[in-house]
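Bear in mind that the values in this text are calculations on the coordinates, not laboratory data. Being a predicted model, the structure only gives us computed values, none of them experimental. Virtual Cβ from ideal backbone geometry, glycine too; neighbours counted across all protein chains shown.
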Amino acid sequence: ELVDGDEGTASYELEFPNGGVVEVSDNLIGQSSGSDNPAIVSIGAERGRWEENRFVFARNTLINHGPAHANFFHLWANRLPANAVLQLRDNLLVGPGQVSNGPYDDLGGNGRQALPDPQSWKTPKR
């Protein structure tokens, strides 16, 4: 469980600024309305600096208590090498927000759900 709680002000909950090989699976990741940044996960902001850049995000629940313009995943596609592999598969996105523009290699099986209770950090049912 990776959440900054009701009073949290984390910038990103997860950040991978230089790319690399990353797999994030089966987690609850949540961001409060007091966050300093409207993105929950940031990928590639400082350019892909590794020979291999592969990002797999699967079977996670992301909860956004922040603004409607928030990004569940902010992909800096123009800063990553053209051969970067980006997969977002079978994740549940809860609350307002969007996934930034791709290109993504796999966006299958992701679901959306409204916040069941704006004050609740409980895991929504899949």
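Observations, loosely collected:
- With θ taken as phi - 60° and the Karplus curve 6.51 cos²θ - 1.76 cosθ + 1.60 applied, the whole-hertz 3J(HN,Hα) list for region 38-47 is x, 10, 8, 10, 10, 10, x, 4, 10, 6 Hz, x standing for glycine and proline.
- Label point 7 Å beyond Cα of GLU46 along Cβ direction - residues of region 12-30 with amide nitrogen under 16 Å: 12-21
- Between the beta carbons of ALA68 and ASP36, assuming R0 = 25 Å, the FRET efficiency works out to 0.90 to the nearest 0.05.
- For LEU92, the residues whose modelled amide H falls within less than 5 Å of its own, excluding neighbours fewer than 5 places apart on the same chain, are ASN60, THR61, LEU62, GLY111.
- Kirkwood Rh (inverse of mean 1/r, distinct Cα pairs), the chain, angstrom: 14.5
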